[in-house]
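First the structure, in the form of structure tokens, and then the observations on it.
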Ligand code: HEM
């Protein structure tokens, strides 16, 4: 099978279309012109790759020729040089250090933490009261990651954190817009962002300092990072590197999963038959008791719904690579320094790979179904692929299943104004209006 050639396309007016809905604009272009494209956005030309063979080339077969480089510089002021933004040799050392904390064997510990945090939050839902689903899921996912990875809690009053996260999210959501002013220009927004980052850094540093002083043995990710030594030099991680890793796990590990859970609530609300099926499954497998680790794989319908939500609305809808050397992909030459955008959102909806790609159909993930591209890794990559594949993928899938099962045990989130739901892009793909809903307890 030959790799389609990149096609030159479109021009100036694209900037406005990109700003309004980049995922759908790029999907439309890919369906019309082919999955690998060049898109002119104002003065900038973006190279977009969505075709599986091209993705496999960049992410795995020829991964050495591609890295993060300067392609992710826009978010470095927040995330520094943590795992999702680094390249070898630093990346390799850090990945090896952190991998054991993310091994599947940790599953039972995670499930216990997840269900404890979820029970507290879901048991506090007020019947009939309006809430914002995304806010509920963000708070839950944030508390889960902080407890599971760092054995911490944000304390009783989370207002300063909520404010800092709000400012950071607001800033990061605009980093994709071409022609943005550089961060050193002292606009009120930039100053607010810098203050929020300083607040977060100081608080993380405090947690690190406290942990260094503690006598009680802890075996969480934070302790592992503190104890880690460079295999060649024997050096410990610098405070700044430690802080970067903590920030990265925190940010990579909660917003993505919160968006996945929010999208799943939305999709189930729009497909009542599937909602009933999943509710019945939860009752059969769990009844009203708390989930145990061994229950999760038995929630077959729920797990398929989660995978389908990840296909239709992959929270990491886009990520970037920069050429580290002159190289070739999709029949096109790339010179050192050039950037390509990888777009799971587009790949997951290509009609050449998926039957009825815009239709919600969790059954396509049934093991016996092989008509769709689900069997082909590079056609379905919500967690990326190759050496940089998401380190937290098992954690995220478990979390979504535990939290959603526990929600369904308690009742439904009845979505208000579903017609207003639009995908919005920031650092992640999220529900634009936050998904207002009412909690209706099980009768
Ligand atoms: C639904 C939830 C999640 C999605 C969709 C997601 C998606 C992704 C994707 C697409 C990548 C690859 C990026 C690239 O190749 O440049 C990635 C990497 C990463 N993710 Fe996730 N992620 C999720 C949850 C998590 C969680 C829960 C954690 C941590 C607890 C996490 C930590 C990371 C880290 C550290 C990397 C960098 C890996 C490396 O470069 O070696 N993610 N994630």
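So which of 309, 323 is touching a strand residue (DSSP E or B) at 6+ places or on another chain (Cβ under 7 Å) and within 15 Å of the ligand (Cβ to nearest atom)?
Values: 309 fails: touching a strand residue (DSSP E or B) at 6+ places or on another chain (Cβ under 7 Å).
Exactly one of 309, 323 is touching a strand residue (DSSP E or B) at 6+ places or on another chain (Cβ under 7 Å) and within 15 Å of the ligand (Cβ to nearest atom), namely 323.
Looking at (1) away from the ligand (no atom under 16 Å from the Cβ); (2) in contact with a strand residue (DSSP E or B) (Cβ under 6 Å, 6 or more places away or on another chain), which one does residue 340 not meet, given that it meets all the others?
The single condition residue 340 does not satisfy is (1).
Would you check which residues across the stretch 45-61 are in contact with a helix residue (DSSP H, G or I) (Cβ under 9 Å, 6 or more places away or on another chain) and not in a helix (DSSP H, G or I) and list them?
Listed by number, the residues that qualify are 46, 48, 49, 50, 51.
Filter the stretch 42-69 for residues that are away from the ligand (no atom under 14 Å from the Cβ) and crowded, with 23+ Cβ neighbours inside 10 Å; which is nearest to residue 324 (Cα to Cα)?
Looking at the filtered set, the residue picked out is 54.
Within the stretch 197-218, is even one residue within 16 Å of the ligand (Cβ to nearest atom) and within 22 Å of the chain's Cα centre (by Cα)?
There is at least one residue in the stretch 197-218 that is within 16 Å of the ligand (Cβ to nearest atom) and within 22 Å of the chain's Cα centre (by Cα).
Among the residues of the stretch 165-181, are any modelled with pLDDT of 80 or more and not in a helix (DSSP H, G or I)?
No, the stretch 165-181 contains no residue that is modelled with pLDDT of 80 or more and not in a helix (DSSP H, G or I).
Only residues that are without any contact (Cβ under 8 Å) to a residue 60 or more places away in the chain and closer than 19 Å to residue 300 by Cα: list them for the stretch 233-277, please.
Answer for the stretch 233-277, where residues must be without any contact (Cβ under 8 Å) to a residue 60 or more places away in the chain and closer than 19 Å to residue 300 by Cα: 268, 272, 273, 276, 277.
Answer with yes or no whether residue 426 is in contact (Cβ under 8 Å) with a residue 12 or more places away in the chain and within 16 Å of the ligand (Cβ to nearest atom).
Criteria met by residue 426.
Regarding residue 100, is this residue part of a helix (DSSP H, G or I), more than 12 Å from the ligand (Cβ to nearest atom) and either under 25 Å from residue 153 (Cβ atoms) or touching a residue at least 12 places away in the same chain (Cβ under 8 Å) (or both)?
yes
Among the residues of the stretch 22-41, write down those that are in contact with a strand residue (DSSP E or B) (Cβ under 8 Å, 6 or more places away or on another chain), buried (at least 18 other Cβ atoms within 10 Å of the Cβ), in a helix (DSSP H, G or I) and free of Cβ contacts under 8 Å to residues at least 40 places away in the same chain.
29
Would you pick out the residues in the stretch 92-106 that are surrounded by 14 or more Cβ atoms within 10 Å (Cβ to Cβ) and under 19 Å from the mean Cα position of the chain (by Cα)?
Selection gives 95, 98, 101, 102.
The values are calculated or read from the model by the stated rules, or taken from the named source; none is laboratory data. Treat the numbers as computed from the prediction; the structure is a model and nothing was measured. Virtual Cβ from ideal backbone geometry, glycine too; neighbours counted across all protein chains shown.
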